[in-house]
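Just so you know, all these numbers are worked out from the coordinates, no wet-lab data involved. Just so it is clear, the structure is predicted and the values come from calculations on it, not from any experiment. Heads up, the Cβs are rebuilt from the backbone with ideal geometry, glycines too, and the neighbour counts pull from every protein chain shown.
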Amino acid sequence: MSLSPAARNVLRSVAATLVPDGAADLDEQVARKIASLPRAADRAELDLLLRLLDSRAVNLLFSGLALPFTQMSADQREQCMRGWATSRVPQRRKAFQALKRLTTVTHYTTPGAARAIGYPGPLGPPPATPKPIRPVPITADTTLSCDVVVVGSGAGGGVVAAGLAAAGKDVIVLEKGGYRNEADFTHQEGDALETMYDAGGVLATSDLGLVVLQGATLGGGTVINYTTSFPTPETVRREWARKHDLPHFESVEYTRALEAVARRLGVNTDHAKPSGRDQVLIRGLEQMKWHHGLLPRDVRGCPQDEECGYCGMGCRRGAKQSTLITYLKDAAQRGARIVVNCDVRRVVIERGAATGIEARVGPHALSVRAKAVVVAGGSVHSPALLLRSGVTLPALGRHLALHPATAVLADMERDVRPWTGTVQAHYSDEFADLDSGYGFKFETAPVHPSLQALAAPWESAAGHRARMARLPQTALVGILLRDRFGGRVRVDREGVAVVDYRLSRYDRVHLRRAITAAAEVLEAAGARDIWLPLARDVSYRPGAKEVRQEWLRQVDAAGWGPNQILLVTFHQMASCRMGATARTSVVDAEHRVWGIRGLYVADASVFPSASGVNPMLTVMAIAHRAAGIIAGR
Ligand SMILES: Cc1cc2nc3c(=O)[nH]c(=O)nc-3n(C[C@H](O)[C@H](O)[C@H](O)COP(=O)(O)OP(=O)(O)OC[C@H]3O[C@@H](n4cnc5c(N)ncnc54)[C@H](O)[C@@H]3O)c2cc1C
């Protein structure tokens, strides 16, 4: 659905207000993004919002300006937008963020705009690496059959498929994304988001309070992730074993599963050469005398050079051991069939047993008949698929954990070039266990223009542009919160996943503590100006301790609610959690969906709660064990 002509007209003025130096067709590019949003309800809401913005009555009420937006002067438009950005009314902030994110990210991911702020863009063309996997082409309505059909090819799906194929099973893997390998990694941000991230990178919770980043490509999150490979922490294993009545998490069997996947991925700590960002982090932590350590990474022969910061858009060297070049390749070599661009709509459940799936591959219908179905679409889409298929367990979609992430950012004297160097190399667990294993980690992450555009407050076009122009000197301390209280995945009338999540009061206390500590780290590292990704532009120049305290007071006044502070989730977990009863969980200890024969889940959604560490290795260990169980039946 495209925007109505009236909404299109307002969008032109909005784009010119948010980014006055944007390309002539910026509004057209944004309109195309709106038209491709997965939910019809979101598209309709944006259309309505844009039309409301042109209502005299609405503007009089909210901004004291009895004018349609399109007839305001440039100053009046800016005043109006600022009012929406910083409003006390959550719906107005949500509306503003939708427009700000779409417009500024679209602008700064175009090569010309990025170059203008000192960002070089891709460092040369991609290599001509051949594609070792041959996906099955679907060129007409098709029915296939196999022993086990696996939905999703990420950390969970890839490992389970390889394990089952190794056990001699006839396996079909169905992946919604396309097959892109080294030869396709253009390292253009706009292209990478559009082709390898779910919903083109614009997925968010229903109130837009959290940006949801997840992979949607063959190999799933493992292709675009940051290679950090922590094993499941002992405290978390104990919690899952004892609190959730799942003793296998404390078993030797589970330890062996962790060891097996770490071995296949070549996890090591020999590739932790600090990037410019990491150097700032380490300097600050050492000054504070706080913990820091080398990150274990799933890389082989990673050069840890300038190009490595681009590996969130795919590793061109083939150093990152994604499932694409490990488990899926293993599975394909053992005869597993792989179908890409395949959106699984429904698991077929007949007389209490899963007998296959129904999917769309472009214009064609694909049915797969199977003795078992393994759902591994990730923690947003696995529960959505089960809900669409008529599974009605009370815990389904609930308890969703997101590891809400944010950062304290800083303007440094010298260039940091935060998009370059080892993708992640160091971390700190100084505050990882503030209360029964809950707390936060410090890590850094590469900052390309899109992330800076999301993070930089917009109270005026000039203020936002000034932060963008300081990208090369920007450093950050990333905060990864282990959230104790979760959200929920549901489906709308069309069966599209909707993510509801509100940061709990408990988790917010940890977040505030994290922000204070991260600011101290940046001060100790020599930051000149410290800021937060808030709706309000609240920053300070380090000086006496009181200066930081005054800043914190201003941060409190700016608010901690949705769209007052930017939160991003890179880790979605626990929405089909494993447990001991059908009342409190979705799968049993053997990955079986309660009450349905032949239906399994094997991805991050089965975590009983948040893992507290970057989850990939835990997902893989769980999937490794699941493959053994399913093959044995
Ligand atoms: C930018 C980024 C950086 C990250 N960095 C790290 C890191 O350094 N270390 C770490 O441990 N973790 C990291 N993660 C998280 C990690 O990648 C995920 O936790 C992990 O991949 C989850 O595994 P999964 O199998 O649950 O889902 P995924 O790996 O996301 O795989 C799910 C797949 O299923 C497909 N799918 C979904 N629905 C359907 C459907 N209906 N039909 C067909 N296919 C479907 C999706 O397209 C996707 O490819 C990062 C994530 C992101 C986004």
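I need to check one value: relative contact order of the stretch 203-285, counting alpha carbon pairs closer than 8 Å and at least 6 residues apart, in percent.
On the way: 30 pairs, mean separation 10.5, N = 83.
Here the relative contact order equals 13 percent.
Please work out how much length the chain gains when fully extended from S251 to T516, using 0.36 nm per residue of separation minus the C-alpha to C-alpha distance, in nm with one decimal. Can you show the working numbers first?
On the way: separation 265, 0.36 × 265 = 95.40 nm, distance 3.83 nm.
Gain on extension, S251 to T516, equals 91.6 nm.
When the convex hull of the C-alpha atoms of the stretch 72-176 is computed, what volume per residue in Å³ does it have?
Working: hull volume 27.9 nm³, N = 105.
Taking only Cα atoms, the stretch 72-176 has a hull volume of 265 Å³ per residue.
Nearest 0.05, what FRET efficiency do Q71 and R360 give at R0 = 56 Å with Cβ-Cβ as r? Mind dumping the intermediate values first?
On the way: r = 45 Å, r/R0 = 0.80.
Calculated transfer efficiency: 0.80.
Just how far, in whole angstrom, is the stretch 432-490 from the stretch 49-115 if you go by their alpha carbon centroids?
Cα centres, the stretch 49-115 to the stretch 432-490: 23 Å.
Taking only C-alpha pairs under 8 Å that are 6+ residues apart, what is the relative contact order of the stretch 490-633 in percent? Working shown, then result.
On the way: 146 pairs, mean separation 18.6, N = 144.
About 13 percent, as a whole number.
Cut-off under 14 Å on the C-alpha distance; same-chain residues fewer than 8 positions from K371 excluded. Which aspartates and glutamates are left, in chain and number order?
Candidates past the 8-residue exclusion: D147, D170, E350.
Where both partners of a DSSP beta bridge lie in the chain, what percent of those bridges are antiparallel, to the nearest 5?
65 percent
Relative to the compact globular guide of 2.2 N^0.38 Å, what is the alpha carbon radius of gyration of the stretch 338-421, as a ratio?
Values: Rg = 20.3 Å, N = 84, 2.2 N^0.38 = 11.8 Å.
That ratio works out to 1.71.
From the cross-link list K176/K329; K273/K441; K243/K289; K33/K94, which pairs have alpha carbons spaced over 23 Å apart? Walk me through the numbers before you get to the answer.
Values: K176/K329 18 Å; K273/K441 19 Å; K243/K289 34 Å; K33/K94 17 Å.
Correct reply: K243/K289.
Once you have the Kirkwood Rh of the stretch 251-404 from its Cα pairs, apply Stokes-Einstein at 25 °C and 0.890 mPa s and quote D in µm²/s. Numbers along the way, then the final one.
Working: Rh = 19.7 Å.
For the chosen part, D equals 125 µm²/s.
What list do you get for F570, F431 if you sort them by fewest beta carbons within 10 Å? Walk me through the intermediate numbers first.
On the way: F570 22, F431 19.
Starting with the residue having the fewest Cβ neighbours, the order is F431, F570.
Let's test this: bin the Cα-Cα distances of the stretch 530-609 at 10 Å from zero up to the farthest pair and state each bin's percent.
17, 27, 14, 17, 18, 7, 1
Return the sequence-ordered ³J(HN,Hα) values of the stretch 316-325 in whole Hz as given by the Karplus equation 6.51 cos²θ - 1.76 cosθ + 1.60 applied to θ = phi - 60°, using x for Gly and Pro.
6, 7, x, 7, 5, 8, 5, 4, 4, 9
Going by how many other beta carbons lie within 10 Å of each one, how would you line up K289, K243, K320, fewest first?
On the way: K289 8, K243 12, K320 27.
So the residues, fewest neighbours to most, are K289, K243, K320.
Taking a label point 7 Å from the Cα of T235 along the Cα→Cβ vector, which residues of the stretch 417-439 have an amide N closer than 19 Å to it?
In the stretch 417-439, the label zone of T235 (backbone N under 19 Å from the point 7 Å along Cα→Cβ) covers 427-439.
Would you mind estimating how fast the chain diffuses translationally, via Stokes-Einstein at 10 °C and 1.306 mPa s with the Kirkwood radius over Cα pairs, in µm²/s?
64 µm²/s
When ranked by the protection proxy of mean other Cβ atoms within 10 Å per residue, highest first, what sequence do the peptides 211-218, 118-125, 352-359 form? Don't jump to the answer; show the numbers that get you there.
Values: 211-218: 24.8, 118-125: 14.5, 352-359: 19.0.
Per-residue mean Cβ counts within 10 Å order the peptides as 211-218, 352-359, 118-125.
If each of R484 and A128 carries a label point 7 Å out from its Cα toward its Cβ, how far apart are those two points in nm?
Going by the 7 Å Cα→Cβ label model, 5.8 nm.
Compute the FRET efficiency between R597 and R346 as 1/(1 + (r/R0)^6), taking r as their Cβ-Cβ distance and R0 = 22 Å, and round to the nearest 0.05.
Values: r = 17 Å, r/R0 = 0.77.
Computed FRET efficiency for R597 and R346: 0.80.
Give me the orientation-averaged projected area of the Cα convex hull of the stretch 1-80, in nm², one decimal.
On the way: hull surface 20.3 nm².
Averaged projected area of the stretch 1-80's Cα convex hull equals 5.1 nm².
Please report, for the Cα atoms of the stretch 75-129, the Rg to one decimal and the Dmax as a whole number; what are they, in angstrom?
Spelled out, the Cα radius of gyration and Dmax of the stretch 75-129 are 16.8, 53 Å.
Grab the beta carbon distance between K273 and R300, set R0 = 25 Å, and tell me the FRET efficiency rounded to 0.05.
On the way: r = 15 Å, r/R0 = 0.60.
For K273 and R300, the calculated efficiency is 0.95.
Stokes-Einstein at 20 °C, 1.002 mPa s, Kirkwood radius from Cα pairs: D for the stretch 387-448 in µm² s⁻¹?
On the way: Rh = 15.6 Å.
The estimated diffusion coefficient comes to 137 µm²/s.
What ranking of R360, R465 emerges when the number of other C-beta atoms within 10 Å of each C-beta is taken as an exposure proxy, fewest first? Provide the component values of the computation, followed by the final result.
Working: R360 15, R465 18.
Ranked by crowding around the Cβ, least crowded first: R360, R465.
Quick one: give the max-minus-min coordinate of the C-alpha atoms of the stretch 144-295 along each principal axis, largest first, in Å.
That gives 61, 44, 37 Å along the principal axes, largest extent first.
Can you give the extra length, in nm with one decimal, that the chain gains between Q91 and E590 once fully stretched, where that is 0.36 nm per residue apart less the Cα-Cα distance? Let's see the in-between values first.
On the way: separation 499, 0.36 × 499 = 179.64 nm, distance 4.27 nm.
That works out to 175.4 nm of additional length.
Debye sum, Cα scatterers, the stretch 99-141, no solvent: what log₁₀ I/I(0) at q = 0.21, 0.24, 0.25 1/Å?
-0.75, -0.84, -0.88
Sequence-distant or interchain residues sharing an amide H contact under 5 Å with V150, placed H: which?
Here I172, V173, L174, V374 satisfy the definition.
Provide the gained length on full extension for the span R528 to D415, in nm with one decimal, where the gain is 0.36 nm per separating residue minus the Cα-Cα distance. Before the final figure, lay out the partial values.
Details: separation 113, 0.36 × 113 = 40.68 nm, distance 1.24 nm.
So the chain would gain 39.4 nm between R528 and D415.
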